[in-house]
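Asker: If you scroll down you'll find the structure; I have some questions about it.
The numbers here are math on the coordinates, done by the rules we state, and not lab data. All values reported here derive from a predicted model rather than from experimental measurement. Here the Cβ is made from the backbone with ideal geometry for all residues, glycine too, and neighbour counts use every protein chain on show.
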Amino acid sequence: MKKNLLTIMAVLLLSSTAPVYALDGAAIYKNPAKGGCAACHGKDAKSPIMNAYPKLAGQNEAYLLQQLKDIKSGKRNNGMSAAMKGIMHMVNDEEMKALAKYLSGLK
Ligand code: HEC
């Protein structure tokens, strides 16, 4: 009984921390553990929670990737970049690439 519970807990733990979404831009975009992009930019990436937040859907892929890198590194430091910079440690280079690709492909 106790053993079963441990197994279940181990499976839950593994499935929640394993990088199964590593290169799935759509999943990363909606994953709160990856910064929860959708929470600010909107589920469809074009209905941000604040009017002043940017719409991302359909934007040029190379541009998106560069902005992600620059916001993460602090190179891009507008009045509002700080809102996003705090979560950028949650995504690595490969994930940012997947995000840029996913977002640029949206209508
Ligand atoms: C806490 C709210 C918040 C979260 C979470 C957030 N962003 Fe942002 N994002 C912003 C704001 C605000 C800006 C505008 C920053 C500025 O003015 O420099 C921005 C800017 C951007 C830009 C640049 C857009 C442009 O047109 O130049 C991209 C790309 C972007 N976010 C993607 C993402 C992705 C991908 C994630 C998830 C990993 C994410 N954001 C998470 C608030 C957020």
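For (1) surrounded by 18 or more Cβ atoms within 10 Å (Cβ to Cβ); (2) more than 18 Å from residue 26 (Cα to Cα); (3) among the basic types (Lys, Arg); (4) in contact (Cβ under 8 Å) with a residue 24 or more places away in the chain, each residue gets a yes or a no:
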residue: 44; (1), (2), (3), (4): no, no, no, yes
residue: 62; (1), (2), (3), (4): no, no, no, yes
residue: 72; (1), (2), (3), (4): yes, yes, yes, yes
residue: 79; (1), (2), (3), (4): no, yes, no, no
residue: 86; (1), (2), (3), (4): no, yes, no, no
residue: 98; (1), (2), (3), (4): yes, no, no, yes
residue: 104; (1), (2), (3), (4): yes, no, no, yes
residue: 107; (1), (2), (3), (4): no, no, yes, yes
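Asker: Separate question: If you take the residues in the stretch 73-91 that are part of a helix (DSSP H, G or I) and near the ligand (Cβ under 9 Å from one of its atoms), which one is nearest to residue 38 (Cα to Cα)?
Answerer: Residues of the stretch 73-91 that are part of a helix (DSSP H, G or I), as a first pass: 73, 81-85, 88-90.
Add one more test, that the residue is near the ligand (Cβ under 9 Å from one of its atoms), and what stays is 81-85, 88, 90.
Working: 81: 16, 82: 17, 83: 14, 84: 12, 85: 15, 88: 14, 90: 14 Å.
The selected residue is 84.
Asker: Inside the stretch 52-65, can you point out the residues that are more than 9 Å from the ligand (Cβ to nearest atom) and more than 17 Å from residue 38 (Cβ to Cβ)? Steps first, answer last, please.
Answerer: Going residue by residue through the stretch 52-65, those that are more than 9 Å from the ligand (Cβ to nearest atom) are 57-58, 60-62.
If the condition is that a residue be more than 9 Å from the ligand (Cβ to nearest atom) and more than 17 Å from residue 38 (Cβ to Cβ), then 60, 61, 62 are the ones that fit.
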